[in-house]
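J.: I have a structure I would like to understand better, so I am pasting it below and will then ask my questions one at a time.
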Amino acid sequence: MLGSFGGGTATPRRRTLARRARPRSAARATCGSLGLLALGLLVGLDGCEPPPGPIDVGWAALGAWRELPVPGARRYAQGSGADAERRDYPFVASGNKDFNNLVAVCGGRAPLLYQEVAQPERCTEGIPGYLIFADDEGPGYISRIKVSIGTLLESEKPGSAIVGLADETIAIYVDDLTRPVYRGRLRDWAEGRDPLFGEPFAGWRSGTTVSYLPISFQSKVRVVLDRLVPSKLHYYHVGVQHLPAGQTTLPFDPSQVAARSGLARALLAGGGLEDPGEGQELTWIDRRLVAPPARTTPLFEIAGPGTIELLELELDGDGALASLGALDLQASWDTEPTPALEVSLGALFASDRALGELRTLPLRVTRTRSGWRLSLRLPMPFVRGARLALRNRGDAPVSLAVRAAGDRTAPAASAGRLRAQVREQIPPLVPGARHLVAEISGRGTYVGTLLSIDCRPDPANEIFPHPLNCLEGDERGTIDGEVRIRGDGTEDYFNGGWYFWNGRYAHALSAANFVQYDPKDAREARGQASLLRWHILTDAIDFERSFRLDFEVGAGAPEVLVRYASVALFYQ
């Protein structure tokens, strides 16, 4: 089997409300071996001091949990197979021909169906195969790869769980480009047979293969597919973090991968980053309360500095879904007069349409004996104080349990405050309208997108009318005034493929918590989905002056929209 570097065995860990405090000297002592040093890099232990010398910036970022609120100097960019010119092709719906758009085809490979090539001169480097990404802006590291493969027929009828994959390979070249630092089969990623590109940060999602494992480069990087079937359709994203000029990175070293990726899997096996950092954690509230209707109920207020590291709510099963829609979480930091975070619990936990088990790194929804537990672990730092409250917009009281814990250590001076932008969009829309998710001015870090969609089939799509045609909408991210994120579809942005072929899913950094449509009468049916993606750790988006994220509504067809609602989460 290609791409086998070895891996670790994960041991489940019991969920706890508060961590036991450990002296920082003990944390330093854990740095005595290479394996435990890797654990320090993955978890981001403040007290762990690695020996002098260079570190792999990407692998360090993979576990820098406590650094999430601190904006960095990385420049995020995403390349994709998006169709920029929107040509018309025979037997293909007009607009968004986002498949088989390549950088180059090299080494005598056969052309693909409806193939378009952007930079054929890249073949002079002698790399054989189908080049999907080329970057000469090093140093940096690949932060995310997503590849979907299928055919028109496979997208229209039930098929295998692993859609479209056969023997296709992926190879990654860096710096001198003489030989790949990695080569493996995409199907092995999907089926969990590659010890490196496996859970929790790589694998099969809902119709696509995804990896968040960082691959560092000092000057150049190339990503190549091969063994492709010319009649298939190939969609892809490659995300890269560019580092400041002069910053060195370690070369990709397979001998270090087993320990690092194995520790990451072990860390997550218990259901998430149970111990995201070391410090003196305090439990600020742990009690049941009743939120009366049409009122705002304070949860707790803290004076002085600290970081909320866990917020947990438990609701009884009966009426829990309605309660989530009626309750707004409000969070105010320092002396700000208005809440920086004001979001309904249904939207914040991607549970606006249905309740189901959901497990991602910062956010979880868990079934209990009597109801549902909602847990949020995004660090929420403050300096002068914090105030949390629940506003009940419903007409009935809501009984729930609230637990919160945190660290009273002062956060880094440059740490941002967790903030949210909430938007809703309904018809009428003008032609070419887009759904704006985030529009932020100033310096910060973008960390998450939650999107709830309600749509109908595209009347112009004669070939494949589907209630979820709205998922054809391409994403676009503008960082500091420059478009640096170009995508090829809404479900692709949320790590899915083929309109979430395998239905709902949840993994470490993304989820489709609800996917539903009625295919019986395609032109009258409605499609609905509740989606979540985290931009954290290796995939965080830093910005100096501004950030904007929007989605095309369908393939430029605003008539598909019934309702879009989104939550953008960021530190600033």
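J.: Here are Val221, Val257, Val238: which of them is more than 21 Å from the chain's Cα centre (by Cα), of a type in the set (A, V, I, L, M, F, W, C), surrounded by 18 or more Cβ atoms within 10 Å (Cβ to Cβ) and modelled with pLDDT of 95 or more?
T.: Just a single option satisfies the conditions, and that option is Val221.
J.: I need a count of the residues in the range 111-142 that are without any contact (Cβ under 8 Å) to a residue 12 or more places away in the chain and in contact with a Pro (Cβ under 6 Å, 6 or more places away or on another chain).
T.: So the count comes out to 0.
J.: Identify the single condition in (1) open to solvent by 10 Å² or more (accessible area, probe 1.4 Å); (2) in a strand (DSSP E or B); (3) closer than 30 Å to Pro214 by Cβ that Leu569 does not satisfy, given that it satisfies every other one.
T.: For Leu569, the failing item is (1).
J.: Next question. Answer yes or no: is there a residue in the range 540-563 that is surrounded by fewer than 22 Cβ atoms within 10 Å (Cβ to Cβ), in contact (Cβ under 8 Å) with a residue 12 or more places away in the chain, farther than 22 Å from Leu62 by Cβ and among the β-branched types (Val, Ile, Thr).
T.: Yes; the residues of the range 540-563 include at least one that is surrounded by fewer than 22 Cβ atoms within 10 Å (Cβ to Cβ), in contact (Cβ under 8 Å) with a residue 12 or more places away in the chain, farther than 22 Å from Leu62 by Cβ and among the β-branched types (Val, Ile, Thr).
J.: Among the strands (runs of 3 or more DSSP E) lying completely within the range 414-504, list those that include at least 1 residues that are of a type in the set (S, T, N, Q).
T.: In the range 414-504, the matching strands (runs of 3 or more DSSP E) lie at 418-425, 434-441, 444-455, 475-479.
J.: So, one more: Which is modelled with pLDDT under 90, open to solvent by 20 Å² or more (accessible area, probe 1.4 Å) and among the hydrophobic types (A, V, I, L, M, F, W, C), of Ile463, Ile426?
T.: So the residue among Ile463, Ile426 that is modelled with pLDDT under 90, open to solvent by 20 Å² or more (accessible area, probe 1.4 Å) and among the hydrophobic types (A, V, I, L, M, F, W, C) is Ile463.
J.: Which of (1) modelled with pLDDT of 85 or more; (2) within 24 Å of the chain's Cα centre (by Cα); (3) farther than 19 Å from Ile485 by Cβ; (4) not in a loop (DSSP other than H, G, I, E, B) is the odd one out, the single condition Ala60 does not satisfy?
T.: (1)
J.: How many residues does the range 122-138 contain that are surrounded by fewer than 20 Cβ atoms within 10 Å (Cβ to Cβ) and either of a type in the set (Val, Ile, Thr) or farther than 21 Å from Ala82 by Cβ (or both)?
T.: Residues that pass the stated criteria total 5.
J.: Output the number of the condition that Pro251 fails; it satisfies all remaining conditions of (1) in a loop (DSSP other than H, G, I, E, B); (2) open to solvent by 10 Å² or more (accessible area, probe 1.4 Å); (3) under 28 Å from Leu376 (Cα atoms); (4) at pLDDT below 90.
T.: (3)
Yes/no per residue for (1) assigned to a strand (DSSP E or B); (2) buried (at least 19 other Cβ atoms within 10 Å of the Cβ):
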| site | (1), (2) |
| --- | --- |
| Glu309 | yes, yes |
| Glu314 | yes, yes |
| Thr335 | no, no |
| Ala350 | no, yes |
| Leu361 | no, yes |
| Thr366 | yes, no |
| Leu374 | yes, yes |
| Leu390 | yes, yes |
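J.: Quick one: would you say Leu321 is over 28 Å from Gly416 (Cα atoms), outside any loop (DSSP other than H, G, I, E, B) and modelled with pLDDT under 90?
T.: Against the criterion (over 28 Å from Gly416 (Cα atoms), outside any loop (DSSP other than H, G, I, E, B) and modelled with pLDDT under 90), Leu321 qualifies.
J.: Filter the range 376-388 for residues that are outside any strand (DSSP E or B) and more than 21 Å from Leu358 (Cα to Cα); which is least open to solvent (accessible area, probe 1.4 Å)?
T.: Ranking the qualifying residues of the range 376-388, first place goes to Val383.
J.: With the structure loaded, tell me whether Leu213 is touching a strand residue (DSSP E or B) at 6+ places or on another chain (Cβ under 8 Å) and part of a loop (DSSP other than H, G, I, E, B) or whether it fails that test.
T.: In short, yes.
J.: Now for a different question. Pull out all pairs, ordered by first then second residue, where Cβ-Cβ is under 8 Å, the residues are six or more apart or on different chains, the first lies in the range 477-489 and is without any contact (Cβ under 8 Å) to a residue 40 or more places away in the chain, and the second is in a strand (DSSP E or B).
T.: Close Cβ pairs satisfying both conditions: Val483/Arg476; Val483/Gly477.
J.: Okay, next question. Across the range 170-208, which residue is nearest to the chain's Cα centre (by Cα) among those that are surrounded by fewer than 18 Cβ atoms within 10 Å (Cβ to Cβ) and aliphatic (A, V, I, L, M)?
T.: Residue satisfying both the conditions and the ranking: Val181.
The values are calculated or read from the model by the stated rules, or taken from the named source; none is laboratory data. Every value quoted in this text rests on a predicted model; they were computed, and no experiment measured them. Virtual Cβ from ideal backbone geometry, glycine too; neighbours counted across all protein chains shown. Accessible surface areas use protein heavy atoms only, side chains included; no ligands, DNA or RNA. Shrake-Rupley method; radii C 1.70, N 1.55, O 1.52, S 1.80 Å.
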